[in-house]
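Below you'll find the structure I mean.
The values are calculated or read from the model by the stated rules, or taken from the named source; none is laboratory data. These figures come from a predicted structure and were not determined experimentally. Here the Cβ positions follow ideal geometry from the backbone for every residue, glycine too, while neighbour counts run over all protein chains shown.
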Amino acid sequence: MKKMLLAGALATLLIAPFAASGALVQFDFGPTPSPMNWNNVLSYTAGVYVSSAVDTNGLATGMQLAIISNFYESSASEGLAGGTIYPDSASGDCLRLSAAGEGHAEILMSGLNPAWSYSFTFYAASHRDPDRRTTYTIGTNSVQLEAAHNYSNTVSISSVSPTAGGEILVNIDRIDYWGYLNVMEVDAIPEPLAAVPLLLLLAWVVRQA
Ligand SMILES: [Ca+2]
């Protein structure tokens, strides 16, 4: 009986990390906030804007977002309404980079689990004409996106490991005169290998019971 209880406790330990599996966290950039479980970043200047982001189920993740190198502006009108993948409150406004000022911005994500990997998806949209391309860089991985009339395209960087301190730095750079960030999604993926020692222990306990 004691061993069965132990096996049950170990099973709970084993399953617990996977309860958060696939937790998706959505950030909306620009002056117009999105409702429900979006995490809103209204300003373009340096500062901590989300101290514990919620996932799409409204659960607190402990994930923090800070702008550590500021954008050029936060614009309510330079995005694109009528996009097909996000609400207008998210696609219709944006943070922008400009050749007239700040052409490079940095976002520091912290409070991440060093044992997990994270996937980042970026969305940039503008109602104006090309070229309005932006580069998003994490470590040595870079992706680019054209914002002009972009109703549905996104770009992603997958399998990003945080530092031992639980941080990931995102760099955003304009390619043309204007650069954009309207939406960022972070998908937290628990590392399956972390469960292997627990699996072996559970198997041993069950064998002994
Ligand atoms: Ca918004």
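What number of residues within the stretch 173-186 satisfy the criterion of being crowded, with 19+ Cβ neighbours inside 10 Å and more than 16 Å from the ligand (Cβ to nearest atom)?
Final tally of qualifying residues: 4.
Right, next: Filter the stretch 40-80 for residues that are within 11 Å of the ligand (Cβ to nearest atom), of a type outside the set (Ser, Thr, Tyr) and either closer than 23 Å to Thr135 by Cβ or touching a His at 6+ places or on another chain (Cβ under 8 Å) (or both) and give the result.
Val41, Gly79
Name every residue in the stretch 3-57 that is modelled with pLDDT under 95, under 25 Å from Ser119 (Cβ atoms) and outside any loop (DSSP other than H, G, I, E, B), in order of residue number.
Correct list: Leu14, Ile15, Ala16, Pro17, Phe18, Ala19, Ala23.
When the stretch 114-123 is examined, which residues are found to be buried (at least 19 other Cβ atoms within 10 Å of the Cβ) and not in a strand (DSSP E or B)?
Within the stretch 114-123, just Trp116 meets the criteria.
Then there's this: Hand me the list of strands (runs of 3 or more DSSP E) wholly inside the stretch 140-196 holding 1 or more residues that are at pLDDT below 95.
183-189
So, in the stretch 92-105, exactly how many residues are farther than 15 Å from Gly30 by Cβ and assigned to a loop (DSSP other than H, G, I, E, B)?
5
Rundown of residues vs (1) without any contact (Cβ under 8 Å) to a residue 24 or more places away in the chain; (2) farther than 18 Å from Phe27 by Cβ, yes/no style:
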position	(1), (2)
Ala60	yes, no
Ser69	no, no
Thr84	no, yes
Ala90	no, no
Ile107	no, no
Leu112	no, no
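Would the stretch 90-109 turn up any residue that is away from the ligand (no atom under 16 Å from the Cβ) and over 20 Å from Gly179 (Cα atoms)?
Checking the stretch 90-109: at least one residue is away from the ligand (no atom under 16 Å from the Cβ) and over 20 Å from Gly179 (Cα atoms).
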